[in-house]
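We did not get these values from a lab; they are worked out from the coordinates using the rules stated. No experiment lies behind these values; they were computed from the predicted model shown. A quick note on method: Cβ atoms are made from the backbone with ideal geometry, for glycine too, and the neighbour counts reach across all protein chains shown.
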Amino acid sequence: MPAAPPHVAPFDAAAEGYDAAFSDRLLGRLLRGLLHETLDRHLPRQGRLLELGCGTGVDATFMARRGANVVAGDLSAEMLAATRTRAEAAGVGDRVEAVRLDLARPLELRTSHGDAADGGLDRSFDGAWSAFGPLNCVADRRALGAALQRWLEPGARVVLVPMARFAPWDWLWYGAHLRPGAAVRRLRRYPRADLPGGGRLPLTYPTLRQLDAEMGPGLRRVEARGLGVLLPISEAAGLVERLPRLFEAAAAIERGLAGRGLSPHLCDHVAVVYERDR
Ligand SMILES: C[S@@+](CC[C@H](N)C(=O)[O-])C[C@H]1O[C@@H](n2cnc3c(N)ncnc32)[C@H](O)[C@@H]1O
């Protein structure tokens with residue numbers, strides 16, 4: 001098995017504190033509520049689903065509890081271990097297969113169902129998703145687009161939730177904290193992130209047009225919406241906990257708008273949905 005790229009090790013160090021820093025906080029729960037509604041609209045409840053960059057397995061476990069069989073892929077061994085533990089604890093360990101997957105080299109995927117490299121996984125997924133940033137961790141997503149075209153059943157959908165390039169919350173939050181460099185961090189030529197646990201990693205922020213090109217002609221974009229548009233960036237999680245009613249109302253308003261008037265270009269995260277050619 002090829003060695004993991006050096007920038008991935010930081011996520012091993014981040015795994016232990018990840019839920020405390022994000023998933024278990026009110027902001028994380030509000031964002032996941034909006035994500036789960038999006039997954040509900042586009043992915044089947046039953047069938048075989050693939051998660052791209054599963055982290056600690058919160059969403060893989062959620063989808064398995066709804067009835068799906070999930071292949072949960074990630075490059076970090078610690079994240080995969082956390083996913084297995086969570087799925088077991090939720091009683092769906094038999095429906096979540098946590099496997100090593102490098103989004104930059106997706107065709108090395110090996111699952112109990114077959115090997116991607118030799119085509120054993122062709123058309124074997126009824127849907128896929130990637131939530132809250134894994135796609136930003138790879139420089140180029142064309143290999144992933146090609147793999148999804150092979151793996152997805154005709155008509156199946158993939159929900160991609162990368163971090164967007166133009167994020168007004170960054171500008172407001174860091175502007176108010178007099179940190180102009182951080183306010184424009186996503187616009188830098190070579191953006192980087194500091195991770196909980198002390199690691200740093202290079203990031204990319206694809207535009208919609210870039211993502212469309214990377215997914216390729218066999219995947220047609222059917223939707224693009226900001227996700228958590230009225231909610232702040234994770235650095236402001238403490239603010240959300242100080243004003244819980246305000247931000248719960250903001251999430252409810254976003255749900256009520258159902259995408260109307262929410263720009264997919266000006267937001268922290270964007271949900272982009274593609275459908276495999278029939
Ligand atoms: C910000 S976390 C998001 C995790 C999860 N999707 C969630 O919603 O909490 C990013 C995840 O992407 C994974 N990742 C980073 N680079 C990757 C790569 N090249 N291939 C697969 N996973 C990767 C990390 O290990 C980490 O678990």
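Results, tabulated for the structure shown:
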read-out	value
Near pairs, Cβ below 7 angstrom, 6+ apart or cross-chain, from region 125-142 (within 11 Å of the ligand (Cβ to nearest atom)) to any residue that is among the basic types (Lys, Arg) and not in a strand (DSSP E or B)	Leu135/Arg141
Subset of region 38-57 [under 22 Å from Asp24 (Cβ atoms) and within 9 Å of the ligand (Cβ to nearest atom)]	Glu51, Gly53, Cys54, Gly55, Thr56, Gly57
Any hit, region 58-65, residues being near the ligand (Cβ under 8 Å from one of its atoms) and either crowded, with 19+ Cβ neighbours inside 10 Å or within 29 Å of Arg245 (Cβ to Cβ) (or both)	yes
All strands (runs of 3 or more DSSP E) inside region 140-244 with 3 or more residues being within 15 Å of Glu275 (Cβ to Cβ) and hydroxyl-bearing (Ser, Thr, Tyr)	none
Lone qualifier among Leu80, Leu75, Leu101, Leu31 - being in contact with a helix residue (DSSP H, G or I) (Cβ under 7 Å, 6 or more places away or on another chain) and of a type outside the set (Gly, Ala, Ser)	Leu75
Among the candidates Leu39, Leu109, residue that is among the hydrophobic types (A, V, I, L, M, F, W, C) and within 30 Å of Trp169 (Cβ to Cβ)	Leu39
Count of region 258-278 residues which are surrounded by fewer than 14 Cβ atoms within 10 Å (Cβ to Cβ), without any contact (Cβ under 8 Å) to a residue 60 or more places away in the chain and of a type outside the set (Gly, Ala, Ser)	1
Some residue of region 158-179 being among the small types (Gly, Ala, Ser), within 16 Å of the ligand (Cβ to nearest atom) and within 17 Å of the chain's Cα centre (by Cα)	yes
Residue pairs meeting the criteria (Cβ under 6 Å; at least 6 apart or on separate chains; first touching a residue at least 40 places away in the same chain (Cβ under 8 Å), in region 37-55; second charged (D, E, K, R) and within 12 Å of the ligand (Cβ to nearest atom))	Gly53/Asp74; Cys54/Asp74
Qualifying position, being crowded, with 16+ Cβ neighbours inside 10 Å, within 10 Å of the ligand (Cβ to nearest atom) and of a type outside the set (Asp, Glu), among Ala72, Ala98	Ala72
Any hit, region 14-29, residues being more than 9 Å from the ligand (Cβ to nearest atom) and touching a His at 6+ places or on another chain (Cβ under 8 Å)	no
